[in-house]
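The values are calculated or read from the model by the stated rules, or taken from the named source; none is laboratory data. Every value quoted in this text rests on a predicted model; they were computed, and no experiment measured them. Virtual Cβ from ideal backbone geometry, glycine too; neighbours counted across all protein chains shown.
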């Protein structure tokens, strides 16, 4: 996973899934320089736990984003009171759904 600086729509191209992506020539931003990330997930808990596809792909990357504010985006039905988690799981600082905005006071603390 990489993130790139995009300053104009001219810096985008249609990727293999039909989604606009940065051109390969766009400057890459190191994960430690990111300040905000919007993260998808299958489910989230009020304590910031994010349930992904399994395998830790996002968690390995998010562990490198040492100063980034992590924001999970979900539908209300994806916010569950309790979710399983592992020590390597990286928790969100906020979760936003169509009717809720949860700010997590202690990200990653057990549900």
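General remarks:
- Taking the criterion of being exposed (fewer than 15 other Cβ atoms within 10 Å of the Cβ) and in a strand (DSSP E or B), the residues of region 1-28 that qualify are 13, 14, 20, 28.
- Filter pass, residue 48 being in the same structural domain as residue 84 (by TED's automatic domain parsing), under 26 Å from residue 100 (Cα atoms) and in contact with a helix residue (DSSP H, G or I) (Cβ under 8 Å, 6 or more places away or on another chain): no
- Residue within region 67-83 that is in the same structural domain as residue 106 (by TED's automatic domain parsing), in a helix (DSSP H, G or I) and surrounded by 11 or more Cβ atoms within 10 Å (Cβ to Cβ) present: yes
- Within region 89-100, the set of residues being within 15 Å of the chain's Cα centre (by Cα) and either in a loop (DSSP other than H, G, I, E, B) or over 14 Å from residue 50 (Cα atoms) (or both) comprises 89, 90, 91, 92, 93, 97.
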